[in-house]
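Enquirer: Quick one: the structure is below, and I'll ask about it shortly.
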Amino acid sequence: MPKTILITGASTGFGRDIAETLAGAGHNVFASMRDPETRNRVHADALRAKGINIVELDVTDTESVDQAVASVILEAGGIDVLINNAGVASAGVSEAFTDEQVMSLFDVNVIGLHRVTRAVLPTLRDQQNGLIINIGSILGRVTFPFFGLYGASKFAVEALSDSLRYEVSQFGVDVVLVQPSAYPTQMYGSAAQPSDAARLAEYGEVADIPGAMVQNFTAMFEAADAPNPHDVAEAILPLISMTKGQRPNRTVVGSSFGADVLNEATAPVQASSIRALGLEHLETVKAA
């Protein structure tokens with residue numbers, strides 16, 4: 001059955017491919033992005049040509065988020081699925097990132113996700129039905145040096161997703177995480193670099209390691225057997241059609257670096273914690 005789906009950060013990368021894949025499967029897709037009539041017009045027009053609805057939405061602006069969600073509901077009559085895909089990356093010596101840089105990173109990856117979720121949830125609760133898919137990362141489970149700030153934002157998404165899953169289960173709303181590995185998208189090319197040059201210089205040769213890591217990733221992405229970013233869209237497609245309450249809480253996509261092992265190991269610990277609180281009924285998503 002076709003669903004009305006809102007996707008954030010859909011101008012390029014995972015978001016755009018997810019939008020095209022889900023629209024191709026017959027869903028009514030609303031691809032959101034910043035500046036669809038100016039900076040991102042080429043991307044917006046390409047998606048429109050495929051029958052995909054375009055919505056202007058800046059996840060760092062509450063008014064923009066509220067207006068975008070209201071426009072989708074007005075046009076489509078509701079929202080069935082929210083895919084929180086918008087995100088930014090960072091790579092470099094953690095100490096050399098300024099406070100402002102860290103706040104900007106979290107404003108998109110964590111607070112922005114919460115803004116959009118908060119705008120959509122009243123509709124999902126009223127419907128007593130819905131699905132939220134948060135795009136996390138394997139770096140929300142395992143930690144790479146020099147990617148710690150980005151990873152911290154994705155660890156936060158893990159906690160938010162788990163908490164929301166319990167909180168909205170009795171309204172018939174499902175919350176799941178997709179955890180991609182490293183893929184050849186624009187994320188690496190646009191990853192924020194630390195701006196405190198003086199602090200960076202104090203690290204000497206250690207400061208060169210992040211650049212070498214990115215070069216290694218780039219070489220891997222250019223190889224004949226490079227990972228295909230379309231894997232993420234292919235992982236999301238069946239999640240949408242699954243019966244609510246039966247979807248996996250987490251889906252690793254690509255090389256796991258052990259994230260799948262951690263997922264499996266922590267699941268019973270998380271479940272026992274909820275049961276110790278006497279809240280095990282929140283583990284089951286209420287049927288329509």
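Enquirer: Just a yes or no: is a residue in segment 104-119 assigned to a loop (DSSP other than H, G, I, E, B), within 27 Å of Pro194 (Cβ to Cβ) and either in contact with a Cys (Cβ under 7 Å, 6 or more places away or on another chain) or at pLDDT 95 or above (or both)?
Expert: No, there is no match, as no residue in segment 104-119 is assigned to a loop (DSSP other than H, G, I, E, B), within 27 Å of Pro194 (Cβ to Cβ) and either in contact with a Cys (Cβ under 7 Å, 6 or more places away or on another chain) or at pLDDT 95 or above (or both).
For every residue, the table says whether it meets (1) in contact with an Asp or Glu (Cβ under 9 Å, 6 or more places away or on another chain); (2) touching a residue at least 24 places away in the same chain (Cβ under 8 Å); (3) closer than 16 Å to Ser169 by Cα; (4) surrounded by 11 or more Cβ atoms within 10 Å (Cβ to Cβ).
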site	(1), (2), (3), (4)
Ala233	yes, yes, no, yes
Ile236	no, yes, no, yes
Ile240	yes, yes, no, yes
Gly245	yes, yes, yes, yes
Gly258	no, yes, no, yes
Val261	no, no, no, yes
Ala265	no, no, no, no
Pro268	no, no, no, no
Leu279	no, yes, yes, yes
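Enquirer: Hey, Glu100 hits all of (1) surrounded by fewer than 17 Cβ atoms within 10 Å (Cβ to Cβ); (2) of a type in the set (Asp, Glu); (3) in a loop (DSSP other than H, G, I, E, B) but one; which does it fall short on?
Expert: Unmet condition: (3).
Enquirer: Check segment 215-228 and report whether any residue there is among the charged types (D, E, K, R) and closer than 24 Å to Thr12 by Cβ.
Expert: Checking segment 215-228: at least one residue is among the charged types (D, E, K, R) and closer than 24 Å to Thr12 by Cβ.
Enquirer: Take Pro194 and decide whether it is in contact with a Phe, Trp or Tyr (Cβ under 7 Å, 6 or more places away or on another chain) and either assigned to a helix (DSSP H, G or I) or at pLDDT 95 or above (or both).
Expert: Judged against the criteria, Pro194 is a match.
Enquirer: If you take the residues of segment 184-206 that are acidic (Asp, Glu) and free of Cβ contacts under 8 Å to residues at least 40 places away in the same chain, which of them is surrounded by the most Cβ atoms within 10 Å (Cβ to Cβ)?
Expert: Glu202
Enquirer: If you take the residues in segment 47-65 that are surrounded by 15 or more Cβ atoms within 10 Å (Cβ to Cβ) and in a helix (DSSP H, G or I), which one is nearest to the chain's Cα centre (by Cα)?
Expert: Val65
Enquirer: Continuing with this model, one more query. Just the residues that are assigned to a loop (DSSP other than H, G, I, E, B), touching a residue at least 40 places away in the same chain (Cβ under 8 Å) and either buried (at least 24 other Cβ atoms within 10 Å of the Cβ) or out of contact with any Pro (no Cβ under 8 Å at 6 or more places or on another chain) (or both), please, taken from segment 2-40.
Expert: Hits for segment 2-40 are Lys3, Thr8, Gly9, Ala10, Thr12, Ala25.
Enquirer: Please go through segment 120-142 and pick out each residue that is under 20 Å from Val59 (Cα atoms) and outside any helix (DSSP H, G or I).
Expert: Across segment 120-142, the qualifying residues are Leu131, Ile132, Ile133, Asn134, Ile135, Gly136, Ser137.
Enquirer: Look through segment 197-226, keep the residues that are among the hydrophobic types (A, V, I, L, M, F, W, C) and not in a helix (DSSP H, G or I), and return whichever of them is farthest from Ala96 (Cα to Cα).
Expert: Ala224
Enquirer: Whether any residue in segment 207-224 is at pLDDT 95 or above, surrounded by fewer than 16 Cβ atoms within 10 Å (Cβ to Cβ), more than 20 Å from Val142 (Cα to Cα) and among the hydroxyl-bearing types (Ser, Thr, Tyr) is what I want to check.
Expert: no
Yes/no per residue for (1) touching a Leu at 6+ places or on another chain (Cβ under 9 Å); (2) of a type in the set (A, V, I, L, M, F, W, C); (3) farther than 30 Å from Gly204 by Cβ; (4) in contact (Cβ under 8 Å) with a residue 12 or more places away in the chain:
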residue	(1), (2), (3), (4)
Val65	yes, yes, yes, yes
Gly78	yes, no, yes, yes
Asn84	yes, no, yes, yes
Met103	no, yes, no, no
Leu113	yes, yes, yes, yes
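The values are calculated or read from the model by the stated rules, or taken from the named source; none is laboratory data. Worth saying up front: this structure is predicted, and the values here are computed from it rather than measured. Note: ideal-geometry Cβ built from the backbone for every residue, glycine included; neighbour counts use all protein chains shown.
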